[in-house]
Protein chains: 2
Amino acid sequence: MRALPAIPEFAEGIRQGDRVLLGRAITLVESTNAAHQALADALLTALQAFAPANDTFRVGITGSPGVGKSTFIETLGTNLTAQGHKVAVLAVDPSSRVSHGSILGDKTRMEQLSVDPLAFIRPSPAGETLGGIARKTRETIALVEAAGYHTVLVETVGVGQSETAVHRMVDAFVLLLLPGAGDDLQGIKRGIVEMADLLVVNKSDGDRVRLANQARAHYLNALHLFPAKESGWTPRVLACSATEKSGLAEVWQALVEFQTHTRSNGFFAENRRRQAHYWFQDALEQALRTAFYSHPEVKARLQAMEKDVLSGTVSPFAAARSLMDALLKG
Amino acid sequence: MRALPAIPEFAEGIRQGDRVLLGRAITLVESTNAAHQALADALLTALQAFAPANDTFRVGITGSPGVGKSTFIETLGTNLTAQGHKVAVLAVDPSSRVSHGSILGDKTRMEQLSVDPLAFIRPSPAGETLGGIARKTRETIALVEAAGYHTVLVETVGVGQSETAVHRMVDAFVLLLLPGAGDDLQGIKRGIVEMADLLVVNKSDGDRVRLANQARAHYLNALHLFPAKESGWTPRVLACSATEKSGLAEVWQALVEFQTHTRSNGFFAENRRRQAHYWFQDALEQALRTAFYSHPEVKARLQAMEKDVLSGTVSPFAAARSLMDALLKG
């Protein structure tokens, strides 16, 4: 790695929009090395990257594999850059540690956006746990916003729990769906439908327009069964075709209206405060576990104690309490 | 509370099947008072309650509200006690802190079983978190087994995450379903269907027999789409009517075959070892969080730090790391 600039120059370079420095800063954030983390902390502080950035907008985008998330982001993103928006595209994909970056890793999937000077695309960080991956993505949002990318799109795979993690770092959540009402709620967990502020039936083109309309009607009905959102926003169901570039303006218009609605009733700011609180708690408990398991006395006692637990000599609960007591007295 | 007997007598009384002492022991386990917990630990150790109890069988039972879980447990339980089995019925219901024991709380729901001398019924412990409730239930299993209840049925509400917690403390997992194929997977999360070793369509009686058979066929088909189980067991789909007391013998027969299968291939014991390991880790991390948040220095710093995090002066991640550093140096 080339030598890094001193923190003030580093921060200034990022603020000026230097993409190479931004990339290197994200690499620092993603590193598990303690010295890199300290540098990343200093940089984020210098950038005041976590100060309330009320002029930015963070959108989570999810949907089952095959629903066309990349094409949707490519089309939406190029529409936005054409209007002069700076757009960052990030991803949270816990499966990428196996498949080495299955989403956004292959930038050719977003041919136009990946060479667009107003767009910045970063694949999912690798990591051992979804929690770790999500924390790094949250820090990366702060960095790209400091670099002037005021619209941040966060892609997530439509399976497992990454949606919940992404929901906790965005202002609006978009669920992409396939045409065909028969295909309905089964592939997608009800909890994910409940999180969505906007449902978009993609691939509404050619022969599929009728099916897409059926799906829209189906989801509109299904939404009535869900409890009202705390944001006071009524989720909408739209249809679009990302490949034919139709319906995307309406998608963005709905997101703009969502912003207006939640900013004016105070939910936008309140939600961000809660999210900051959540990430603080989350980071704290992660730091606590790391400190605990790397503590020499814990390391020394833990193995013997686990053996006792597995042989049944001691209850797992008594073992945990006695280990904690010993540490606190020590 | 009347004075408790000394630990040796207490343990001996439970081993002899004294139901009053067993009830008082469970109350100790459920208490959040540190002295009660220390007594419970000593009692569990004296009982060797966590030693491998290979002659016991733990069955989790779940299903949507209205599927007839109580009647199913009542009928299955009385069948078993009629054969001389001692049966304990426990419950995990995180909603009970609101509704004050919604499942099993009303013992009249199991009229026969609640007065059966071979049965012991205990409602869900109250608690602030699902984790806490589940830990207490896991300790209660150890107590009832020590008191000679070799069959333990653990009921869980068919919503939310309590199924996963119960799945981690049982040998076999039964999912109850309603007749009617149209009612299919939508109400029940796919992950819960995947956990089940046995699916039972209840209320298969009168006009509903045909619908129940449709549902059976539907679920048999759906199961083909799921990955093979690590236990090597192929989940079965049965039908029964708990109110008409039909089909319950086949349900128990399938569970006996499940036991034979998993005991002979070693999965039964391996699964219990993994579960003991899981509960140790879980208890450890809970004890760690409790110790951390009640630490005076943490209490003192945390509030100021949270304010900085919420105002954006410091990143949540940097704040967490610096708090941990300060503690470890101190």
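Numbers at a glance
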quantity	calculated
Surface accessible to a 1.4 Å probe, per residue, for the residues of chain A, Å²	43
Angle in degrees between helix B:34-46 and the longest Cα principal axis of chain B, rounded to the nearest 10	50
Crossing angle, helix B:267-293 versus chain B [Cα axis fit, 0-90 degrees, rounded to tens]	30
Per-selection Rg to Rh, region B:243-290 - Cα, Kirkwood hydrodynamic radius	1.29
Exposure rank, largest accessible area first [B:56, B:313; 1.4 Å]	B:313, B:56
Amide proton proximity set for residue B:233, modelled H, under 5 Å, gap of 5+	none
Estimated 222 nm signal from helices in chain B, with DSSP H stretches of n ≥ 4 weighted -39500 (n - 2.57), rounded to 500	-16500 deg cm²/dmol
Chain B, relative contact order in percent, only Cα pairs under 8 angstrom and at least six apart counted	16
Karplus 3J(HN,Hα) series, Hz, for region B:150-156 with 6.51 cos²θ - 1.76 cosθ + 1.60 (x for Gly, Pro)	7, 10, 10, 9, 10, 7, 9
Partner chain coverage, peptide A:286-299 - average Cβ within 10 angstrom	4
Between helix A:316-329 and chain A: long-axis angle, C-alpha atoms, 0 to 90°, nearest 10	60
Inter-chain shielding of B:274-284 (mean C-beta neighbours from other protein chains, 10 Å cut-off)	6
Residue B:115/residue A:249 FRET efficiency (R0 51 Å; Cβ-Cβ; nearest 0.05)	0.15
Most fluctuating residue given options A:24, A:135, A:168, as computed from a GNM of chain A linking Cα atoms under 10 Å	A:24
Summed buried accessible surface, chains A and B, 1.4 Å probe, nearest 100 Å²	4300
Cross-link pairs B:69/B:245; B:136/B:203; B:69/B:189; A:229/B:69; A:203/B:189; B:86/B:229 - those with Cα-Cα distance over 21 Å	B:136/B:203; A:229/B:69; A:203/B:189; B:86/B:229
Proximal aspartates and glutamates to residue A:299, defined as alpha-carbon separation beneath 19 angstrom and excluding residues fewer than eight positions away on the same chain	A:285, A:308, A:325, B:282, B:285, B:325
Average other protein chain Cβ within 10 Å of Cβ, residues B:189-200	1
Carbon and sulfur %, accessible surface of the protein assembly as shown computed with the full protein complex present, 1.4 Å	54
Tensor-based shape of region A:52-265 (alpha-carbon gyration tensor, a/c under 1.5 rounded, otherwise prolate or oblate)	rounded
Cα gyration tensor category, rounded, prolate or oblate, for the protein assembly as shown with a/c compared to 1.5	oblate
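The values are calculated or read from the model by the stated rules, or taken from the named source; none is laboratory data. Everything quoted here is computed from the prediction, not taken from an experiment. Note that each Cβ is placed from the backbone with ideal geometry, even for glycine, and that neighbours are counted across all protein chains shown. Heavy atoms of the whole protein, side chains included, go into the accessibility calculation; ligands, DNA and RNA do not. Shrake-Rupley method; radii C 1.70, N 1.55, O 1.52, S 1.80 Å.
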